[in-house]
Structure formats: structure tokens, C-alpha cells
Amino acid sequence: MDFRLHLLETITDNFSDEQKVGSGGYADVYRGVYNGEEIALKRLHPLQLLDHWAFENEVRNLLKVRHQNVVRLIGYCYDTHHKFVQHNGELVFAKAMERVLCFEYMQGGSLDKYISDESCDLDWPACYKIINATCDGLNHLHNEQERPIVHLDLNPANILLDKDMMAKIAGFGLSRQVDHTDTDDVRTESRIATTMRYVPPEYIDDGRISEKFDVFSLGITILEIMAGRTALSRYPEMSQEQFIEFVAEKWMERLQGTLTSQEIDTIRVEMCVEIALRCVEDDPHKRPSIKEITNDLKELESEIEGMPLSSHRLKNLLARYDRFSIDSLIILHSSTNYSLCPEPSPFIHVYIDVHSVLRRLQ
Ligand SMILES: Nc1ncnc2c1ncn2[C@@H]1O[C@H](COP(=O)(O)OP(=O)(O)OP(=O)(O)O)[C@@H](O)[C@H]1O
């Protein structure tokens with residue numbers, strides 16, 4: 001939808017400071033109400049020609065996308081007019097440009113404000129929901145378009161939360177469509193200015209871009225949700241297993257006394273850290289695709305929700321979690337058919353020694 005500038009000025013009190021809710025590298029963001037719905041108006045800083053490319057990108061790519069985990073673009077305004085402005089103490093007649101993007105309003109703000117150096121302030125169910133939603137949104141960009149859209153600026157500041165803490169990917173100024181898979185990267189001539197921590201080594205070394213760029217950024221983002229902004233700096237001191245255990249123990253402490261099932265949440269915590277560590281592999285070919293990640297997350301939930309497991313999957317699960325008291329989680333149906341029960345029924349409380357189960361499976 002093409003908005004008139006006058007309408008946007010009216011609903012934001014002339015882009016007043018009272019209506020301003022945030023600022024970024026190339027825009028200020030205001031709150032307004034349109035047709036009874038709260039909207040966010042992202043007003044680009046004027047007269048920056050470089051940003052015009054970002055504006056067009058954001059509109060072009062977001063117009064193609066409709067998904068519950070990608071922020072919804074409601075419309076835009078592109079208005080040019082001439083007016084007198086002060087320049088070096090003189091009044092000159094200049095061309096003024098107004099570019100505004102209008103989005104659904106995200107009451108929870110951006111994810112970065114909940115993340116500190118050591119941890120994320122949100123509770124585990126919220127964190128897990130955000131990780132799943134971000135993965136689903138990214139999967140939509142990479143795999144459910146005519147040509148994949150690579151975001152190239154995925155980080156907690158570009159993950160917005162609505163009033164129900166549902167995460168949506170935003171900040172499409174650097175995004176672009178690519179024609180190929182990760183084996184056939186495109187090299188970009190113009191180096192993109194994005195937050196360095198989230199940028200993969202192949203881009204820093206020779207400017208290569210592919211879907212695996214986003215997967216790397218996703219990995220850093222998940223690690224920060226799981227263990228705080230400085231998470232990755234601790235990783236080189238430990239082996240992968242030690243790091244997973246370190247993060248899981250921290251969450252176990254936080255989960256003590258909560259109503260959630262600690263064993264199951266620990267399985268989820270470990271799975272998320274494991275996925276994140278695979279995403280931040282230096283070699284892009286060793287990183288999983290976002291499709292593999294969403295499949296792994298869904299498979300884990302199916303297992304937890306008690307769907308029949310293949311003996312191979314159960315073996316993997318048991319091998320990973322034998323240090324927990326999973327006895328109350330497992331109901332043995334037959335030698336090849338198992339299910340996991342999130343909340344064990346008092347009537348079917350079967351104690352199983354994990355190692356004896358493993359022996360029977362071999
Ligand atoms: N749809 C929205 N609803 C509510 N708040 C928003 C919305 N979009 C952005 N904001 C707020 O405005 C801030 C700045 O927005 P945004 O990051 O999109 O600007 P930007 O100029 O693109 O930033 P950068 O390019 O530096 O990432 C966000 O951190 C967030 O707090």
C-alpha cells in the first residue's frame with residue numbers, strides 16, 4: 001500500500017519525539033495508529049543516497065514474503081518535493097525526500113534488549129519459542145520463495161517480539177535474492193556493513209554470500225539467547241560437550257522450582273546449543289541448512305510429545321541423556337516401539353535402567 005506523507009505526519013504528530021520508539025543505523029521508528037491498528041513507521045534519515053538501496057531492498061523483498069515469523073510490511077511512502085532549506089547560512093531550494101516503511105507494531109520491541117553479557121532475561125519457554133519462530137521465519141525466506149532470500153543481517157536487534165512474545169524477523173535493508181545453493185556462492189562487490197559478530201568467516205575473507213551466511217548469524221543469535229552476549233568467547237576454552245553441559249547446567253539452575261519438566265527442557269536446551277554450535281562452524285559446508293534445523297527441532301518435539309520413536313532415534317536420545325533420570329519419561333511398549341511421555345502418568349510409571357534398554361536395542 002502506498003501511503004500519503006500527509007497521513008503519516010498526522011498519525012505521528014509530525015514525527016514527534018513522543019511518538020518515537022527506536023532508532024537504528026538508517027532510520028528512526030515511530031508509533032502511530034492507522035485504521036484502529038497500531039503500526040510502526042520507519043522513517044529513513046533524509047538525503048542519504050546509499051540508504052535508498054536499502055529502502056528499495058526492504059520493500060521489494062518484504063512484499064514477497066507473508067509468514068507469521070517475518071514482520072509484516074503494511075505499506076510505504078516515497079515522497080519527493082522541493083523546499084527551501086538552510087545551507088551554509090543561506091536559504092537554498094533543495095529536493096527533499098521522505099521514505100517511510102510501515103510495519104505491524106511489535107509491542108515487545110527487539111530481542112537484543114533482553115540479552116545481557118551473561119544470559120537472556122526471558123524464561124526458557126519464551127526463549128525456546130523465539131528460537132523456533134526465528135528458525136521457521138528463516139526457513140520461509142530460504143526455502144519457500146521462488147528464489148531464496150538471504151537476510152544478511154540476522155541478529156537479536158533484528159528479531160522483534162509481538163505482545164505474545166512471538167518472534168518475527170525484521171531489518172531487511174541488506175537482504176537479497178540469490179539463485180543458487182551454498183555450493184555456488186555469489187561474491188559481492190560492495191561489502192555490506194553489518195554487525196561483525198554475526199558475520200561468517202567466508203564473508204570476512206572473500207565476501208562470499210549464501211544461505212549459510214544467515215545460518216552462521218542464526219547460530220550466534222541462538223548462542224546469545226542460550227548463554228548471553230559473551231557466550232562464544234567462552235567456547236574456545238572448552239570442548240563441545242563441556243560447553244553444552246555448561247550451558248545446560250546453568251539452565252537447570254534457573255529451571256529449579258519452575259513448573260516445567262526439567263528433564264525435557266534440558267533435552268531442548270542441549271539440542272539448541274548443539275544446533276547453534278553446528279551453525280557456527282567455520283566451513284559453511286559443515287553448517288546445517290535451515291531446513292535440517294527446523295526438521296531436527298520438529299522431530300524432537302514429536303518425540304517429546306509421545307509419538308512412536310524409531311529405535312535408532314531412541315538410541316541416540318538415550319545415549320545423549322542417560323545421565324538424567326529418564327526412567328519416568330520412558331514407557332516401554334515393545335522391543336521396537338517406544339514413546340516419551342512429557343508428564344508421566346501415575347498409573348504407568350515404569351522404571352527402566354537406561355543401559356538395559358540400550359542393551360535390548362542392540
Ligand atoms: N515493527 C516495529 N514495532 C515496534 N518497534 C520497532 C519496529 N521496528 C523497529 N522497531 C524499534 O526501532 C528500533 C530500530 O529499528 P531498526 O533496527 O529496524 O532500524 P534500522 O535503522 O534498520 O537499524 P539497523 O539498520 O541499524 O539495524 C528497533 O530496535 C526497535 O526497538
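Data overview
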| read-out | value |
| --- | --- |
| Out-of-range pairs (alpha-carbon distance over 21 Å; input Lys129/Lys168; Lys20/Lys42; Lys42/Lys168; Lys168/Lys291; Lys113/Lys286) | Lys113/Lys286 |
| For Tyr30, distant residues with modelled amide H under 5 Å away | Val21, Leu41, Lys42, Arg43 |
| For segment 55-71, Karplus couplings with θ = phi - 60° (6.51, -1.76, 1.60), whole Hz, Gly/Pro x | 4, 4, 4, 4, 5, 4, 6, 6, 5, 7, 10, 9, 7, 5, 10, 10, 4 |
| For Trp124, net neighbour charge (Lys/Arg +1, Asp/Glu -1) across residues whose Cβ lies under 14 Å away | -3 |
| Dipole moment magnitude, nearest 20 debye, segment 68-185 about Cα centre, only Lys, Arg, Asp, Glu C-beta charged | 560 |
| Carbon/sulfur fraction of accessible area - segment 5-104, other protein chains in place, 1.4 Å, % | 51 |
| Interchain or long-range residues, amide H under 5 Å from Cys120's placed H | Gly228 |
| Extended-chain gain in nm, criterion 0.36 nm per residue less alpha-carbon gap, Arg4 and Gln19 | 3.6 nm |
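The values are calculated or read from the model by the stated rules, or taken from the named source; none is laboratory data. Because the structure is a prediction, the values reported are computed rather than measured. A quick note on method: Cβ atoms are made from the backbone with ideal geometry, for glycine too, and the neighbour counts reach across all protein chains shown. SASA here: full protein model, heavy atoms, side chains in, ligands and nucleic acids out. Shrake-Rupley method; radii C 1.70, N 1.55, O 1.52, S 1.80 Å.
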